Each structure stands twice: as C-alpha cells, then as structure tokens.
1. Which strands (runs of 3 or more DSSP E) sit wholly inside region 136-251 and have at least 1 residues that are touching a strand residue (DSSP E or B) at 6+ places or on another chain (Cβ under 6 Å) and in the same structural domain as residue 108 (by TED's automatic domain parsing)?
2. Among the candidates 68, 84, 74, single out the residue that is surrounded by 11 or more Cβ atoms within 10 Å (Cβ to Cβ) and not assigned by TED's automatic domain parsing to the domain that holds residue 193.
3. Return the total of residues in region 498-521 being part of a helix (DSSP H, G or I) and either without any contact (Cβ under 8 Å) to a residue 40 or more places away in the chain or within 16 Å of ligand 3 (Cβ to nearest atom) (or both).
4. Which numbered condition in (1) more than 24 Å from the chain's Cα centre (by Cα); (2) at pLDDT below 90; (3) part of a strand (DSSP E or B); (4) over 30 Å from residue 261 (Cα atoms) is the only one that residue 326 fails?
5. Could you check region 413-437 and list, in sequence order, the residues that are touching a residue at least 60 places away in the same chain (Cβ under 8 Å) and touching a helix residue (DSSP H, G or I) at 6+ places or on another chain (Cβ under 6 Å)?
6. Please go through region 90-118 and give me each residue that is crowded, with 20+ Cβ neighbours inside 10 Å and free of Cβ contacts under 8 Å to residues at least 60 places away in the same chain, ordered by number.
7. Can you confirm whether region 476-487 contains a residue that is within 15 Å of ligand 2 (Cβ to nearest atom), out of contact with any helix residue (DSSP H, G or I) (no Cβ under 7 Å at 6 or more places or on another chain) and in a strand (DSSP E or B)?
8. Which residue pairs have Cβ atoms closer than 7 Å, lie 6 or more positions apart in sequence or on different chains, and pair a first residue in region 462-479 that is more than 15 Å from residue 413 (Cα to Cα) with a second residue that is within 15 Å of ligand 1 (Cβ to nearest atom) and outside any helix (DSSP H, G or I)?
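The values are calculated or read from the model by the stated rules, or taken from the named source; none is laboratory data. All figures in this text were calculated on a predicted structure; none of them were measured in a lab. Methodologically, a virtual Cβ is constructed for each residue, glycine included, from the backbone with ideal geometry; neighbour enumeration extends over all protein chains shown.
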Ligand code: C2E
Ligand code: MG
Ligand code: MG
C-alpha cells in the first residue's frame, strides 16, 4: 500500500520536473539572447542533461526496488521455514493435539492424538470432541471449563476421557481459544498428554507409603493418620472409639524354628483371619513385626471393645495349615478407649501399649484395658525386673516342694518343686507374681536352670537319706521349652548331680506344647530318650487336639485345678474330669488331679480311677526338710503334710 503511494508520488514529481524542464528551459535559453549556433549547442547540452538525470533517477529507483525484492523474498523464506518447523512439532510431539473451528468441529489432529485416543484422523475430522467423553464428569465440570475459556482464553486441568477401545483414562489438558484479526474466536487448540502411567505410579507410591507390602494392610503411618482423625471426631462429637493393639504370642519361635518364610505366611494368614472379623468403620493395620492394630470408631461401650478382642482371639483358635504343617498361634491384646480424658493421639497409643503389656503379663492369650492404675503397674514392673535380677545374684530364690499321692493307696509318691522369691521387704513372693515377668525379661532361663539343678540335687540328698520318693517334678517354662536346648541342659544337670533320669519328671504346660506342636513333639521325643518322665501340666486349658495328644510321648496328664475345684458337685467339672481320666486310660497315660482340697474330692477321683492327687488336702508346698521328714518311713506318721 505504502509502496504504491510512493511510486505514484514519485511519477507525478518526475512528470512535473520534466514538464518544467522542457517549458522553462527553452524560455531561459531564449532570454539569454544567444545566436542560433550557440542556442542549438545549449539545447543539445540541456537534452543530454535531461537524459543523464532521468537515467540516474531510473537507476536509483531500480536499485531500491531490487533491494526491496531481495528483502521480501528473504522474509518469505524465513516464514516458510517456521511453518515447516511448526508442522514438524505438530507431527512429532508426544502430546496429542486437536484443533477445532469456532463451531467445535475437529479440523486437525496430530499422530499423537491417534496414538493416545485410538481414533485415526479420518474418523474424527468433522466430529465434535464430545466423542471422546468418558461420562466421568458432570455438566457443571464442562460448564466451568467453557466459562474459563471464554473469560481467560485458555483452560488447563485433568480430564478423564475414553479411548476408542472403551478404556477410560486421565489426561492433562490445555485448551486455548485462537482469535482472528477481528478479535473473534476462530479456532480452539487442545493439547493433552496421557497421564495414566503417572497416576499409576502415584498410586503405587501411595500404596508403598501407606500399606504394608506383606499383608496389604494399612501400615503404621496410615493407621496413625486414621487414629488422629478418629480421635478428633470423637472429641468433637462426644462419641467414643477404641484402639486395640494385638501382639502375637511367641511368634519369634515360629520364625526361629520354621524359617522366616513360614513366619511371613503366618502373618498374612493371621491378617486375613483378623480382617474377616471386621465390620464397617474399623481399620486393621500391621504396625510392624508381629504387631497389629485395630481401630474401632465409633465404639459404643467397653463391652463392645472386649467382645471384639475376644472375637479376634477366638479367630486364632483353629490351627493354620501352612507349608504342610498345622501351626497354632495365640495373641495378647491391649485396649485403649478414647477420648476418655486423653489429650493426644500419642497418649492413646501409649495407653494401648501399657494395656498390651498388662495382657501379656496376665499370662498371654488374653486382653486387658488401660486404666490409671496401669501406669503405676508398669512402673512397678520395671522395678520388679531389676529386683528379680538381683534376687538371682543374691540367692533370694527358694524351692518348696508339694507332695503327690497315689489316690488308690494314699502313698506319697513324689513331689513337685515350686519356686518362691524370698523378697527382703515383701516376704515370700509366689511364682505367679514373678514368673511372667521373668519370662518377658528373659530371666526365666536362669531361674529354671537354678530350679532344675537344685531340685535334682535335693532328690539325690533325699534318696541318700533313705526317703521313699519315686520322683521330683520340675516345671519348665514355655519359653525355655520352646527354645529347644532343654535336653542338653537336662543331660548336663543329670550328669552333674548323678540323679537317675527315671527320678526326674518335667512338667510342660499344655499351652507351651500347643504353641508349636510339631516342634514340641521332637523336643519331647529327645527328652524322653534321656529317660526322664514327662507330664503335661494344667491340662484342659490349652486347646489340645486329640489327634496330637495321641502322638505326644508323655507319661502323665495333670488335670488343671480349675476343673477339680468344683468337684464333686459341679456337673461340668465332673464331666470334664471323667473325660480326662478316661482319655488318660485309653492313651495309657497316668492322670494327676491338681488342687485337691477336700476328702470328698479324693473319694470322687479315686472312684473314677484317677491315679495321683496333689493339693492342700495332702499338703501345701513346704521346705525340703519337711518333705524329708514326711518321706522318711520312720517319721511319716508323726508329721502329716496335710496338717494345717
Ligand atoms: P503349677 O505347676 O500348676 O503348680 C501348682 C500350683 O497350684 C502351685 O502354685 C501350688 O501351690 C498350687 N496348688 C497346689 N495345690 C493347691 C490347692 O489345693 N489349692 C490351690 N488353690 N492351689 C494349689 P504356685 O506354687 O503358686 O505356682 C504357680 C505356678 O507357677 C505353677 O503352677 C507353675 O506353673 C509356676 N511355677 C512354679 N514354680 C515354677 C518354676 O520353678 N519354674 C517355672 N517355670 N514355673 C513355676
Ligand atoms: Mg506344675
Ligand atoms: Mg498345674
């Protein structure tokens, strides 16, 4: 436009100058008054000058024009280049590109579009982008998108679309409106990338951060987060929740004796059994090792929490069939109720931990609640462990012996060694108060070793004094039994004391045997080969299966005193007693009834055919000297142990 204007102006100027030159030049020459020869010469010079000036002007114009032409052809080349580059980007980018006209009909798509959506260009050109909708977003979502496009000219965000295959997938989408020279929207350009892989790794990361890979249950982090929410909610709404900390009893032995693989399988199976007990609003987590957590919110009452704990314990009652074996495992549960005067989530966890500790020391396979007295209890316990350690060093342990009688002829046949702690301030402490602590703190090994040696030595001394005793029975803690070196220890002690193995009887509780019946079978077998007697203590409390019992190489069953207490009138106790005696007879095992306190119980048991009896009726646990006197045929009649 400007060039055209300049050219006509220049032409006009040239015509004007040329016209003036022709008109004025001749008049000026005439005014000079020259002769005709001179005039002719000057006119020739004037003509020559005109041609020269015109030529110079023409040359200048041509040069300018040529320069312009070169520049514009160079510009054209550059814009062609950038168009080519843009096309290459469009073709090769990994992002899908879709261009629509103002009426939202698709006018261009790139190869990445086809790769991501599965639609070829031919299938979508002329169609609307709504063809790709997944149906995951509602009308309000698209309305907000269009509003943003109209107002700001662009929108970006996450959109779930559907591929041609039907698969719904997430995209990150940027849409831009393109305006024409008059400022109206001419096209829309959408650039998007498939973020399903990103989402997947995000999900995997989340899974890794919040879930335990072994059990697939929430881990401690997620559990604590949920507990924090539950705690806040119960505080706000004045409702209640319960936290149950569940710890498997003696899980370590499974790992140690059967390999970590079997341990892992067992943890998974336990997790599944627990999970089957859950109802809505509960979170089960594996907090690490053999510890699980259960969050119950809302929890209407302590009873509900107790029932839940009972249910979890019960779910472990039947054996686990793993790696071709039957495994039994028990658990202890600590319960903390919240918000109940608790001011932080940490305290809820601490309280549950203390309660778990209490449950464990109550003899495992049970549950306990946290209460104020428990903190005190925990403190005392720490002190007690320290004092018990000193008791061993300072020779404060004592052995008492309780007689066992033949129920048929009333004879004193043997004694059971029972440990006591002669505490400098508290006096004689019964084993129930320190054996569980000794088991937890690992001191039990040293205590049992001391008891075994002392009892064997005492038996040798009695025999040397002519006492009529067939055996001394020694209790073996579950922990020592399951550690698996008991046979070596017994061999050592028998050798050191010179006691005839037939005069030593080892009592193992039913629950210790059933903790790991296969391993127990091997251990009992090895002990039996030493020639010692073997008894199952507290029989009736440990869920023995008859099939297993049949195979155990033991000599005696000691019927737990809880079944003897109600004899002879309690019909349940009588039925259980009858069944155990019959079982013993059919398996050719001797049966000992523990806790006999009254003469009618002796009579009842004798009539049923029970072999031996033990209890206050015959005699309380007493010192070795008193047993020595009672077992001496000369003094037997003069000092009956049953005397109060
Ligand atoms: P246990 O082996 O079943 O021992 C029998 C317990 O019942 C003894 O309690 C005994 O005093 C008590 N008892 C006996 N007759 C009667 C009776 O007529 N009525 C009542 N109410 N009780 C009776 P003790 O001495 O307190 O021992 C408790 C438990 O502690 C034992 O139960 C045993 O499991 C454990 N224990 C005792 N000494 C040792 C030991 O040296 N090592 C280990 N590992 N555990 C021991
Ligand atoms: Mg015993
Ligand atoms: Mg017992």
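1. Here the list reads 154-162, 168-179, 185-194.
2. Result: 68 is the single residue among 68, 84, 74 that is surrounded by 11 or more Cβ atoms within 10 Å (Cβ to Cβ) and not assigned by TED's automatic domain parsing to the domain that holds residue 193.
3. So the answer is 9.
4. Failing condition for residue 326: (4).
5. 415, 436, 437, listed by residue number.
6. Across region 90-118, the qualifying residues are 106, 109, 110, 112, 113, 117.
7. For region 476-487, residues within 15 Å of ligand 2 (Cβ to nearest atom), out of contact with any helix residue (DSSP H, G or I) (no Cβ under 7 Å at 6 or more places or on another chain) and in a strand (DSSP E or B): absent.
8. As it stands, the answer is 475/507; 475/537; 476/506; 476/507; 476/508; 478/509, since those pairs meet every condition given.
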